[in-house]
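Enquirer: Mind looking over this structure? Questions follow.
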Ligand SMILES: NC(=O)c1ccc[n+]([C@@H]2O[C@H](COP(=O)([O-])OP(=O)(O)OC[C@H]3O[C@@H](n4cnc5c(N)ncnc54)[C@H](OP(=O)(O)O)[C@@H]3O)[C@@H](O)[C@H]2O)c1
C-alpha cells in the first residue's frame, strides 16, 4: 500500500528559515504550502523552489485572515510557525517596553492564533513546530526584551504537547542565523554583528537558514519526540 503524501504548511515560508524549511521538506517528499504577507516575496520564493509549492498571502497578525486561510486549506499534517517581529533588542535600562507588546502582537499571538485556527484540520498524527529563539535561553546582556517574547513560546511547548496530544508540539530555538531578519542593520553593522557572534559561537560561525531547516525537518518527522525545544545555535547558548 502506498503511503499518503504528507502536507506541511509553513507560515512565514517566503524567506529565511521558513523558505529553507520548505526546500528541505519538499526534499523529503512532502507537499508544502508557504505563506507570507508580501505577494512579490512569495512569488520569488515559489520560483526559487521550482514552482513546487502552494502559496498563500495573508497577515498572520489578522485573526480573520488566519481563520479564512485555514478554513480554505483542508486537512494537513505539519505546521511550522516562522512568523516574526524583531522588536525587543537592546539594553534593559533603555528598552522601550512597548516593544514587548509589539513582540507579543507580531510573533507570539500570530504563532498561537495560527495553531488555534489550524487545530480542526491539522492531522492529530502530525506535528507543530514553533520557531522561538535562543535569546530566551541565554543570560546575555541586551536580550531581556526579545527573550521575554520568545520565552513565551518556549513555555507553552510542553503544556500543548500534553493538552493537544497525540499531536506533537515542539520548538526550535535558533541562534544567530544569516537571514533577511537582520536587514534592519546596515551591511557594515550586520557584518560586524555576525563576526562578533561567529567568534563567540563554539562551532566558529553563525548559522545558515539550512541549519535550522534541518532541525525543523527532524522535529517534523521524529514521531517519538514531543514537548521539546531543539536549540540550533552552534553552541552559542553555552558561550554567550
Ligand atoms: N535570523 C535569526 O538570527 C533568528 C534567530 C532566532 C530566531 N529567529 C526566528 O526565526 C523565525 C524566522 O525568521 P527568519 O530569520 O527566517 O526571518 P525572515 O527571513 O525575515 O522571514 C520571516 C518570514 O515570516 C513572514 N512574516 C513575517 N511577519 C508575518 C506576518 N505578520 N504574517 C505572515 N507572514 C509573516 C515573512 O514574510 P512577509 O514579510 O512577506 O510577511 C517571511 O516569510 C522568526 O520567528 C525569527 O524570530 C531568527
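Read the figures in this text as sums done on the coordinates, not as results from a lab. What you are looking at is a predicted structure, and each value in this text was computed from that prediction instead of being measured. Positions of Cβ are generated from backbone atoms using ideal geometry, with glycine treated the same way; all protein chains shown enter the neighbour counts.
Enquirer: Roughly how tilted is helix 144-163, in degrees to the nearest 10 and between 0 and 90, from the longest Cα axis of the chain?
Expert: 30
Enquirer: Let me ask you something else. Could you run the Debye sum over the Cα atoms of segment 112-240, one equal point scatterer each and no solvent, and tell me log10 of I(q)/I(0) at q = 0.12, 0.16 Å⁻¹, two decimals?
Expert: The Cα Debye sum returns log10 ratios of -0.49, -0.83.
Enquirer: What number, rounded to the nearest 500 deg cm²/dmol, is the helix-based mean residue ellipticity at 222 nm of the chain, given -39500 (n - 2.57) per DSSP H run of at least four residues and division by all its residues?
Expert: Theoretical 222 nm ellipticity from helices: -12500 deg cm²/dmol.
Enquirer: Would you mind pulling out the separation of the Cα centroids of segment 97-163 and segment 52-86, in Å?
Expert: 16
Enquirer: A follow-up question, please. On a 0 to 90 degree scale, rounded to 10, what angle separates helix 16-27 from the longest Cα axis of the chain?
Expert: 40
Enquirer: Now, a different point. Can you work out the base-10 log of I(q)/I(0) for segment 7-231 at q = 0.10, 0.12, 0.13, 0.14 1/Å, using the Debye formula on its C-alpha atoms alone?
Expert: The Cα Debye sum returns log10 ratios of -0.42, -0.62, -0.73, -0.85.
Enquirer: Starting with the highest mean, order 121-127, 187-193, 70-76 by the number of other Cβ atoms within 10 Å, averaged over the residues of each peptide.
Expert: 121-127, 70-76, 187-193
Enquirer: Another question about this same structure. Angle, helix 209-221 long axis vs. longest principal axis of the chain, Cα atoms, 0 to 90°, nearest 10?
Expert: With both axes taken from Cα atoms, the answer is about 40 degrees.
Enquirer: Within 10 Å of each residue's Cβ, count the other Cβ atoms and sort 186, 7, 78 from fewest upward. Display every interim value, and only then the final one.
Expert: Working: 186 9, 7 20, 78 25.
The fewest-first ordering by Cβ neighbours comes to 186, 7, 78.
Enquirer: Follow-up. Express the relative contact order of the chain as a whole percentage, based on alpha carbon pairs under 8 Å and six or more residues apart in sequence.
Expert: Details: 488 pairs, mean separation 47.2, N = 240.
Normalised by residue count, the contact order of the chain is 20 percent.
Enquirer: What is the order of 96, 233, fewest Cβ neighbours within 10 Å to most?
Expert: Listing 96, 233 from fewest to most nearby Cβ atoms yields 96, 233.
Enquirer: So how do 106, 93, 210 line up by other beta-carbon neighbours within 10 Å, fewest first?
Expert: The fewest-first ordering by Cβ neighbours comes to 93, 210, 106.
Enquirer: Moving on. Per residue, how big is the convex hull of segment 44-155 when only Cα atoms are used? Give it in Å³.
Expert: It comes to 125 Å³ per residue, whole-number rounded.
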